[in-house]
Structures are given as C-alpha cells and as structure tokens.
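Asker: There's a structure below that I have some questions on.
The values are calculated or read from the model by the stated rules, or taken from the named source; none is laboratory data. All of these numbers come straight from a predicted model, not from anything done at the bench. Neighbour counts run over all protein chains shown; Cβ positions are idealised from the backbone, glycine included.
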Amino acid sequence: MTEVIRADALPDPLRDELLAAVTATTGLPASLVAARRLAGGASMESWSIDLRVGDADEALVLRRDMGANMSAYALDRPTEFALLQAACAAGVRAPRPRYLSPDGAARRWFLMERLPGESVGRKVVRAPELAAAREVLARQLGEALAVIHAVPVERGLPTIPGPTEGRTPADEALHQARAVLATLGLRNPVWSYALRWLGQRVPAWDGALVLVHGDYRIGNLLVDRDGLAGVLDWEFAHLGDRHEDLAWVTVRDWRFEQDARVVGGVGSLDDYLAGYASAGGRPVDRDAFVWWDLIGNLRWALMCHAQADRHLRGADRSVELLSLGRKAAEMEWELIDRIDAIEKGAR
Amino acid sequence: MSDERDAFEQHPGALDLIDAAREHLATRVLPAITDPRLRFETLVATHVLGVASRELSRGPEMTAEIDRGRAALPGAPAHDGALCALIEEGRYDDPEAGAALRRWLQARNELSLFAWNPLFLMRVKG
C-alpha cells in the first residue's frame with residue numbers, strides 16, 4: 001500500500017527525526033518552519049524544508065528513500081551524502097549536503113542546501129524566462145561535466161561501484177544490462193538485437209577511470225536565468241568511462257520533445273563538447289560517444305521495465321511506475337532507428 | 001435486446017468503460033486536484049487509460065500482420081522467444097538479414113507506439 005502523505009504535512013516521526021539529527025550535528029535547537037512535498041521522483045521522496053537552527057534560517061531539500069530500491073546499482077543515502085561532500089569540495093556545482101539521517105533510521109535520508117532554479121525537464125526546455133539560459137546551457141553542461149570528471153578518484157571519495165576487475169566500463173555496462181534482463185525474465189527481440197549489435201562493437205577504452213555522475217541529464221540539473229545552477233541526484237554515481245556521462249544527456253527522451261536540440265533539448269552537440277574541452281575534459285572519441293548513447297537508450301528501456309516490475313511484483317504499487325514499461329517503446333524505436341542509420345552509413 | 005449476440009459480449013463494452021473512466025478523470029477529477037504529486041499521478045492514470053483504449057481499438061488484424069512479418073523473417077521464428085534465440089545465435093548478423101529484422105522490429109515498435117504515444121510516432125517519423 002502506498003503511503004499517503006499530505007503535501008504540506010511532514011509526518012511527525014520524520015519531523016522529530018530530522019530535528020534530532022540537526023541538533024545532534026550542530027548542538028543547536030532546531031525547529032520546523034515549513035515543509036512542502038515536491039513533485040516527481042519515482043524512487044526518492046523529496047521535500048522542501050525550512051528550518052530554524054539556533055538563530056539562523058536554513059533552506060533545505062530532503063531526499064528520502066521510498067520503498068524498494070530503483071536499482072541494485074544505486075548508492076544508499078549515506079554514500080550519496082559523502083560523495084556530494086567530496087564533489088563540492090572538488091569544485092563541482094552541486095547543493096552542499098548538510099545533515100544525514102541517523103544509522104537506525106528505517107528509511108535513510110539527507111538534507112542538502114536548497115539552491116534556486118528549475119529542475120523540471122519540460123520547464124527547463126520551454127520556459128520563456130529561461131530562454132537566455134538555454135543559449136549558454138549546452139556549453140555550461142560540458143564545462144560542468146569536465147569538472148566532475150576531474151574529481152580525484154584515488155582519495156577522498158567514499159566507496160562507490162566501478163567496473164569489475166578485468167572488465168572495461170563498456171563490458172560492465174553490457175554485463176549489467178544482461179543482468180537486468182535476466183532479472184526481468186522477459187524476451188524482447190529489440191533488446192536481444194541491440195545487445196548483440198553493441199556487444200560486437202564495444203569501443204576501445206583509454207583506461208581513464210573517472211567519477212561518472214551516472215544520471216547527468218536535464219531533469220537532474222537546476223537551471224536559473226544564468227544557466228546551470230547545480231547538479232542534482234547523485235544516486236547512480238560510479239567509477240567509469242567519461243563517454244557514458246557525456247552521451248547520456250543526448251538520449252532522445254531527455255530532450256523533452258525538443259528533438260532538434262540534441263543536448264537535453266537545450267543546445268547543440270558542438271557547444272556541449274566545446275565546453276567540455278575548454279574546461280579540461282579529455283578528448284572525445286566519437287565512436288565511443290555513439291556507443292554509449294545507444295546503450296543509454298537500451299539501459300533506460302530496461303530500467304523502465306524494471307520500474308513497471310516494481311508495481312507488478314507489489315513492491316511499490318504505482319500507476320506511474322507501471323506506465324514506464326510501455327514508455328520503453330520510445331527508446332526501442334530510437335535504438336533500431338539509430339542502428340539502422342549506422343548500418344546504412346548515414347550516421 | 002437481441003438474443004443472437006454472443007453470450008459473453010458485454011454491453012456497454014470494455015472500451016466504453018475505459019473511455020468513461022478516462023473522461024471522468026480528465027474532466028471531473030483532475031481540475032479539482034491541487035497537490036502537484038497527486039495531480040501528476042492522476043495525469044498518468046488518465047494517460048494509461050487512453051493507452052488501453054487505443055490498444056483495444058486497433059483490431060486483431062494489426063497484430064496478425066506483425067505475426068506474419070515475424071514468420072517471414074529468415075529462420076521463420078514462430079514467436080518472439082524463438083526470434084530472440086535466433087538473434088543470439090547470430091542468424092541476423094549478415095547485412096541483408098539484419099536489415100530485414102530491423103524493418104520488422106520497427107513495424108513492431110510502431111504498433112506499440114500507436115497505443116503508448118501516437119504523437120511520438122508522428123514526431124520521429126516526420
């Protein structure tokens with residue numbers, strides 16, 4: 001049974017847990033000024049939270065686990081909290097993490113600073129007041145991604161997943177896709193064909209293992225009138241190939257119907273890659289980029305079915321999750337269309 | 001009422017019920033919802049009823065065409081599972097068989113998209 005929560009009422013036990021954690025961290029009395037449930041998010045509950053801590057006001061966002069995990073590869077909240085700390089320390093534009101739930105909390109959460117800006121994808125690609133931001137956004141996305149990929153991975157990071165010993169990041173991505181497919185127990189010839197085609201064309205890897213955000217796309221980025229204000233939602237972060245992050249934002253579904261603007265429905269690939277290079281990003285291999293774009297479509301299609309499965313198995317009954325299973329047809333169309341164009345030499 | 005109808009034919013039909021529920025959500029429930037999360041979820045519920053309606057209304061001849069197309073592929077697979085096995089064995093690795101497979105897969109995808117999101121199909125096909 002889905003928990004019903006009023007939009008303006010933080011449940012009392014959660015409120016008490018938050019305030020106790022804030023006081024334990026700061027040594028100051030804390031009180032709740034306002035709380036508002038935020039829309040969106042199939043795996044995470046989000047709230048806008050205003051606190052009074054000692055004599056200061058704090059504008060925060062709460063990220064809290066829902067029920068079942070969205071993915072076996074997702075970070076838990078304590079690891080995401082520690083990763084955000086490390087990313088912010090390395091100069092990544094992201095909300096500073098502030099307070100973490102206690103170890104015994106039934107559903108883990110953390111509070112992070114609330115930055116101004118819009119994150120809803122459909123608004124980012126269309127809102128008239130963000131028109132000037134969209135002019136510069138593709139370049140900024142490239143620049144910000146270069147900063148993420150430059151975060152030192154040898155020290156200071158919490159333990160996050162990476163490719164299994166002996167596998168390249170691309171091998172790992174194929175392995176994970178096959179594992180998800182096996183879990184789903186479904187047979188779909190589009191997936192079989194895409195997996196075989198991609199498996200025969202695994203790109204060469206230069207061995208550069210970087211911090212990969214793992215879900216770097218419109219919808220997970222805060223945008224204000226000046227452009228990119230912050231990178232959100234780090235739960236899928238891992239160590240991997242930069243091309244995985246670079247290509248993900250170009251997957252058609254993240255363009256929110258603004259198809260001609262290849263980068264997240266806001267800008268051009270040339271601007272995006274120029275921004276990446278200008279901020280110190282390593283050279284981009286176009287074949288690897290295309291490969292990761294294609295497997296991005298496949299992974300998103302599989303993830304959509306995995307979400308529908310959460311409903312069908314009764315773990316999280318939700319018409320939204322169920323509907324995603326049908327949405328996968330969009331990515332499947334894209335996969336076959338793109339592969340067909342490549343086979344015809346019309347990339 | 002005629003007694004010549006099939007005993008299992010119901011009136012109003014399943015499509016009538018689905019369309020009525022969809023219309024109710026769209027015109028009576030959605031305008032009254034202020035909570036953004038609940039509004040989004042109700043929009044999704046309204047959409048999936050539309051998906052079910054389009055799928056039920058498309059008629060058996062469209063799925064029969066897809067089945068005939070699959071059977072005409074190299075190896076003549078009888079169902080999707082058999083086709084997956086042939087793909088994994090490499091039966092469609094050569095360019096001609098691969099092209100035939102992709103044409104059929106796209107016809108299959110289009111049938112899914114007709115129900116799920118006809119606007120997507122219009123957009124990507126120009």
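Asker: For A:ALA72, are the conditions met, namely being under 21 Å from A:ASP215 (Cβ atoms), modelled with pLDDT under 95 and of a type in the set (Gly, Ala, Ser)?
Answerer: For A:ALA72, the condition - under 21 Å from A:ASP215 (Cβ atoms), modelled with pLDDT under 95 and of a type in the set (Gly, Ala, Ser) - is met.
Asker: Among (1) more than 17 Å from A:PHE289 (Cα to Cα); (2) not in a helix (DSSP H, G or I), there is one condition A:GLU129 misses while meeting the rest; what is its number?
Answerer: (2)
Asker: Taking segment A:310-319 on its own, how many of its residues are in a helix (DSSP H, G or I) and either surrounded by fewer than 21 Cβ atoms within 10 Å (Cβ to Cβ) or not assigned by TED's automatic domain parsing to the domain that holds A:LEU184 (or both)?
Answerer: 3
Asker: B:ALA72 - would you say it is of a type in the set (Gly, Ala, Ser) and surrounded by 14 or more Cβ atoms within 10 Å (Cβ to Cβ)?
Answerer: no
Asker: Which count do you get for residues in segment B:103-126 that are outside any helix (DSSP H, G or I) and over 17 Å from A:GLN258 (Cβ atoms)?
Answerer: Residues in segment B:103-126 being outside any helix (DSSP H, G or I) and over 17 Å from A:GLN258 (Cβ atoms): 0 in total.
Asker: Would you mention how many residues in segment A:227-249 are outside any strand (DSSP E or B) and closer than 25 Å to A:LEU115 by Cα?
Answerer: 10
Asker: Out of (1) surrounded by fewer than 22 Cβ atoms within 10 Å (Cβ to Cβ); (2) over 21 Å from A:GLU45 (Cα atoms); (3) in contact with a Gly (Cβ under 8 Å, 6 or more places away or on another chain), what's the single condition that is false for A:GLU244?
Answerer: Unmet condition: (1).
Yes or no, residue by residue, for (1) crowded, with 16+ Cβ neighbours inside 10 Å; (2) in a loop (DSSP other than H, G, I, E, B); (3) at pLDDT below 95; (4) outside the structural domain of A:ARG178 (by TED's automatic domain parsing):
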residue	(1), (2), (3), (4)
A:ARG6	no, yes, yes, yes
A:LEU19	yes, no, no, yes
A:SER46	yes, no, yes, yes
A:LEU51	yes, no, no, yes
A:ARG64	yes, no, yes, yes
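Asker: Something else about it: Residues that are within 14 Å of chain A (Cβ to nearest Cβ) and polar (S, T, N, Q): which helices (runs of 4 or more DSSP H) entirely in segment B:14-99 hold 2 or more of them?
Answerer: Here the list reads B:36-57.
Asker: A further question follows. Residues in segment A:289-328 that are over 21 Å from the mean Cα position of the chain (by Cα) and of a type in the set (A, V, I, L, M, F, W, C): how many?
Answerer: 3
Asker: Which residue out of A:ALA229, A:ALA182 is among the small types (Gly, Ala, Ser) and farther than 26 Å from A:ARG261 by Cβ?
Answerer: Exactly one of A:ALA229, A:ALA182 is among the small types (Gly, Ala, Ser) and farther than 26 Å from A:ARG261 by Cβ, namely A:ALA182.
Asker: Now a separate question. Please identify the pairs in which a residue from segment A:123-146 that is more than 12 Å from A:SER278 (Cα to Cα) has its Cβ atom under 9 Å from the Cβ atom of a residue that is among the polar types (S, T, N, Q), counting only partners at least 6 apart or on another chain.
Answerer: Cβ pairs passing all conditions: A:VAL125/A:GLN258; A:ARG126/A:GLN258; A:ALA133/A:GLN140; A:ALA138/A:SER268.
Asker: Search segment A:188-226 for residues being in a loop (DSSP other than H, G, I, E, B) and within 14 Å of chain B (Cβ to nearest Cβ), and hand back the single one that is nearest to A:GLY264 (Cα to Cα).
Answerer: That would be A:GLY219.
Asker: Among (1) closer than 24 Å to A:ALA177 by Cβ; (2) touching a residue at least 12 places away in the same chain (Cβ under 8 Å); (3) surrounded by 20 or more Cβ atoms within 10 Å (Cβ to Cβ), where does A:GLY281 come up short?
Answerer: Exception for A:GLY281: condition (1).
Asker: On the given criteria, is A:VAL290 more than 10 Å from chain B (Cβ to nearest Cβ), buried (at least 23 other Cβ atoms within 10 Å of the Cβ) and not charged (D, E, K, R)?
Answerer: no
Asker: Looking at segment B:76-124, which of its residues are among the basic types (Lys, Arg) and over 14 Å from the mean Cα position of the chain (by Cα)?
Answerer: Within segment B:76-124, B:ARG91, B:ARG102, B:ARG103, B:ARG123 meet the criteria.
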